[in-house]
Structure formats: structure tokens, C-alpha cells
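Structure record follows, encoded as C-alpha cells.
Values quoted throughout were computed directly from the atomic coordinates according to the rules given, and no laboratory measurement underlies them. Not measured: the values here are computed from a predicted model. Every residue, glycine among them, receives a Cβ derived from its backbone with ideal geometry; neighbour counts consider all protein chains shown.
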Ligand SMILES: Cc1cc2nc3c(=O)[nH]c(=O)nc-3n(C[C@H](O)[C@H](O)[C@H](O)COP(=O)(O)OP(=O)(O)OC[C@H]3O[C@@H](n4cnc5c(N)ncnc54)[C@H](O)[C@@H]3O)c2cc1C
């Protein structure tokens, strides 16, 4: 039986493993950490449980497809709960705009905060639906294996129809007039680790995912997704080797001949899938002479996506003003992106995102709120982290939240801070980024590094830094796409 080795057990690697094992291949995942799921990582502080990484779950149909491919029902493993009113946006002027896919409720609120937005809401929804439909049809399931894929006329025509030349911020300004309201939508750019002032309007399709399809939580915690995939993978015979770092890929005649592990052992495979962040792992694991199409210089040209400064805060009370997802907007929203991308600095007045999953599932933290507090952060510089004292920055964020009426310090019973440096070390994420590269340049937004090595015949890539992009549903799609191609090739 042909053997496939997958380096890294993130969601992309797991999806590929399940799909290939279900097709009868011998699959082994080698993961450096002691948990499966990569950035989707369980975190427990006392009786407070947190999901590190993906807190916002969209496109459940993609996650379910992995079970279906293996002839299983997702309901036998996990439950997706739709959140009726999913995100509370606290605008910089203090007004509140809750996001929901109940459009009557959206319009009612918009009538109070942005009359123009209320009038144009339906045409806005039509346009984001069109953009999503086109993207799904022409981009998500393509693997761009040869130059003919890139120059296909259908693709070119689709590309021209998804507003690639307009910025996301400009797009939202067509339908909404209040600066603060436009900013609530513009924040979707951060879901692809980018600035709304620079990334293409195509990504307004993320608004479609949330406002039309809906936002979900997985009962028992989003980490249940990785746990269920692990269970299914094992059932299909996938060998999962944890606490094992891959240190080198030996290459000969344009093929990976063996995989060297940190403990000195080597394993061999017919095909190797790299789920570890390709921007970091490919140059580290494969010697330069074997990857002329992916030189260090080429890698360094990619602009990294944003990273995150995260505080996990377990409280002794439940804050009544919070929903499951909450965003407290900065008064200097545009400056925040300028600071992150142009100056590689932490914002003094950042927008703060808080997930409080115990609102939906009190079992997550029976004593009180389990706050996952995230502030966008610049990617690590090539020579280390931007200047920031984690303790001082954390205190600054608490003060900022207190000034907006959310008291944390006096109810705090558990606390942990996770910095971009931690994200880099723990997950091997390129420069501590959440999504690999940003989507500012049109080339990087639509033509991410390919899923297949141009130099090594049996090496492919899945995960956030490759096609179709970052975010948990997209990395699962990358895993399924690559598995499909390999199954034909093998
Ligand atoms: C703080 C944060 C918040 C996020 N929020 C959301 C959200 O709300 N919604 C959403 O959809 N997405 C979110 N994301 C993004 C999402 O987590 C990622 O896009 C997705 O989980 C990445 O999956 P992946 O398959 O690319 O692999 P990863 O999760 O990056 O996994 C790669 C794996 O490879 C392993 N590895 C690396 N090097 C080696 C090696 N040499 N040997 C062996 N193993 C190795 C790593 O340990 C890791 O387990 C967030 C991410 C973070 C960090």
C-alpha cells in the first residue's frame, strides 16, 4: 500500500489524512506538539476552558464534508450550534451594532445607526452573495498545478468579476455611510490577516459567511473538531505520532527519499504533505539547492499576515453586557493598520476582540466568563519581536476595556498571555503569523504559494499559507483538494 507522510497535525493535515485514509492509503501524521489540531488548541486554566485559535467557526458544511468522505455522519461526533446574534460590535462612538443573520434585526439596528446602510442593506447582501458564489465556484477547489490553470480564460473572467481592484474598505463604503459602521464590516479583512484599506473587495464574501450562512460554535468547545478528526483518523488507520519534530527532508532526483526526525530516526514515504507552515518549514527542512523555485529571497518577498496578542482570562463572574463574540472598536481604526503593517508597532489604542464561549456553553467555565481576548499584532520582525512588554500591554488592554465599562481585573481568577513569539515557537508559524501571508498584493490574494512543490515531485502543501488561504474552513479545503489530486496520482 502506498504511504503518505503528513508533517504537522493541523486541520489541513487532518483533513488530508482522513480523505487519503478513507481512499485506502497508508497515512502517518508526524506532529511536533503533544496535541493534534495545530493552532486549534485546547487550553485549560483551573476550571476555565478555552479554545486557542479558531473561536469563530463558519462554513460548517466544509468540516462536515470530511466526515462524509469517510462515509461517516458528523452528528455522531460533534454538534454545530448556530449563534442567533453572534457578534456584539461596540462602535468607537459607544453605539452598539449586533451582527446576526436575522436581516430584519440587522435593518432595525441600522435604521438607528446608519440610515443609508439600512436602505442599502439588501443590495449589499445581494452583492456579497454574488462574490461568494463566484469565489466558491472558481477559486476554492482549484489547485493550480500547471501554468494552463493560471491562464484559463474562465478563471480570468471570474477574477475580473470579483472586484479585485477595489479595496475592501471602499467596497463597504458604497453601502454604509457612518465611519464607525463601515469599520465594523471592514474588520473582516483581519480574518485573512490583512488590512481593509489594502486587501481586495473580493473578501467581502466573508461578510456573506457570517451574515448569511451564520456563525457556529461546536458544543463542548471548538477543539472538539480536532478531537473528532483525530478519532476518525485513528478509526481509519491513520498513524498519529505526537511529540516528534521533522528536522529535514532528504531529497534525491527531485523526490523526497526520506524524512528525518529530531530523534535521529528516518521514515520513508511515496508522498509527503507539508502541513507545517510552508513559508517557514519548506526553507528550513529542504536544502536550498533542491528548491530553486522557492528561494529564501522569494519567501522574504511575501508580506506576512498579522499576528495576535492573546490574553486568556478566567473570571469569577459573568458579564451581562457580553455576547459570545464581542468587538470593542478603536477610535483610530485606520491608524491601527498603519501601525501594524507600515511601522511594525503595537497599537496604543487597539481594537479588542473578546470571545466568551461560556455564554453559549456554560460548561466551558462553570465559575464565570472564559475570555479569549485578542488584539491584532504585527508579525515578528526578521530579527525578533516588535518592542512590547507583555505585562504592560496586557494591563493597558485591561484599562482600555475598563474605560469602555468592562471590568476584568477585580474578577480575575485565571490568566495567561500568549504573544506572537509564542505562536511562532509553538506552531512553527512563519514570523508568528496567523495566516501566513497577507492578501494585500493581488498576486498574493489570488495566487498564494502553490499546493505542489515545483521542484520536488512528491511534495505538496496544505494549510493557511497555501491555496485557497488562511482560516479554518479554507485550510480544510486545502487538505481535501490535495488529497484528491494525490489519490489520482498514486
Ligand atoms: C490566535 C488565533 C486566532 C484565530 N482565529 C480564527 C478564527 O476565529 N476562525 C478561523 O477560522 N481561523 C482562526 N485562526 C486561524 C486558524 O487557526 C488557522 O488558519 C488554521 O487552524 C491553521 O491550520 P493549518 O492546517 O494551516 O495548520 P496549523 O494549525 O498551523 O498546524 C500546523 C502543525 O504543524 C506542526 N509543525 C510545524 N513544524 C513542524 C515540524 N517541523 N515537525 C512536525 N510538526 C510540525 C505544528 O506544531 C502544527 O501543529 C486563528 C489562529 C490563531 C493563532
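Once you order the gyration tensor axes a ≥ b ≥ c over the Cα atoms, which shape class does the chain get: rounded for a/c under 1.5, otherwise prolate or oblate by comparing a/b with b/c? Don't skip to the end; give the middle numbers.
Numbers: a/c = 1.57, a/b = 1.37, b/c = 1.15.
It comes out prolate by the Cα gyration axes.
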For this session: May I ask for the angle, rounded to the nearest 10°, between helix 390-403 and the longest principal axis of the chain, with both axes built from Cα atoms and the value confined to 0 to 90°?
Result: 30
For this session: Over every pair of different alpha-carbon atoms in the range 306-427, take the mean of 1/r and invert it; report that Kirkwood radius in Å.
Result: 15.0
Problem set entry | Sorted peptide list for 38-48, 116-126, criterion being average Cβ within 10 angstrom, highest first | 38-48, 116-126
Exercise. Any idea what angle helix 223-235 forms with the longest principal axis of the chain, computed on alpha-carbon atoms, 0 to 90 degrees, nearest 10?
Worked result: 20
Exercise. Based on the Kirkwood radius over alpha-carbon pairs, what is the Stokes-Einstein translational diffusion coefficient of the range 120-214 at 4 °C with 1.567 mPa s viscosity, in µm²/s?
Worked result: 93
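Between rounded, prolate and oblate, where does the range 54-190 land on the alpha carbon gyration tensor, with a ≥ b ≥ c its root eigenvalues, rounded for a/c under 1.5, else prolate if a/b exceeds b/c? Display every interim value, and only then the final one.
On the way: a/c = 2.57, a/b = 1.27, b/c = 2.02.
The shape class here is oblate.
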Exercise. Which of rounded, prolate, oblate describes the range 189-254, given a ≥ b ≥ c as roots of the alpha-carbon gyration tensor eigenvalues and a/c under 1.5 marking rounded, otherwise prolate only if a/b is larger than b/c?
Worked result: oblate
Exercise. Can you put 305, 357 in order, fewest other beta carbons within 10 Å first?
Worked result: 357, 305
Problem set entry | Inter-site label distance for residue 417 and residue 257 at 7 Å from Cα along Cβ, in nm | 4.9
For this session: List the pair-distance distribution P(r) of the range 79-143, using every Cα-Cα distance, as the percent of pairs falling in each 5 Å bin from 0 up to the bin containing the longest distance, rounded to whole percents.
Result: 4, 14, 18, 19, 17, 14, 9, 4, 1
For this session: Note the angle between two axes, namely the Cα long axis of helix 60-69 and the longest principal axis of the Cα atoms of the chain, as a number of degrees from 0 to 90, rounded to the nearest 10.
Result: 30
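Sorting 318, 187 on the 10 Å Cβ count, fewest up front, what's the list? Write down the numbers at each step before the final one.
Working: 318 15, 187 22.
The fewest-first ordering by Cβ neighbours comes to 318, 187.
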For this session: Have a look at the range 372-477 and give its Rg and Dmax from the Cα atoms, expressed in angstrom.
Result: 17.9, 58
Problem set entry | Span from the the range 87-115 Cα centroid across to the the range 1-71 one, whole angstrom | 35
For this session: Please express the shape of the range 442-490 as an equivalent ellipsoid: the semi-axes are the square roots of 5 times the eigenvalues of the C-alpha gyration tensor, given largest first in whole angstrom.
Result: 18, 14, 7
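Stokes-Einstein at 20 °C, 1.002 mPa s, Kirkwood radius from Cα pairs: D for the range 335-399 in µm² s⁻¹? Numbers along the way, then the final one.
Details: Rh = 13.6 Å.
After rounding, the answer is 158 µm²/s.
Percent antiparallel among DSSP beta bridges with both residues in the chain, to the nearest 5? Numbers along the way, then the final one.
Values: 49 of 69 bridges.
Among the beta bridges of the chain, antiparallel pairing accounts for roughly 70 percent.
Which peptide among 377-385, 16-24 comes first, and what is the full order, when sorted by highest mean count of other Cβ atoms within 10 Å?
Numbers: 377-385: 17.7, 16-24: 24.4.
Order by mean packing, descending: 16-24, 377-385.
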Exercise. Among 1-12, 166-177, 237-248, what's the highest-first ranking by average C-beta atoms within 10 angstrom per residue?
Worked result: 1-12, 166-177, 237-248
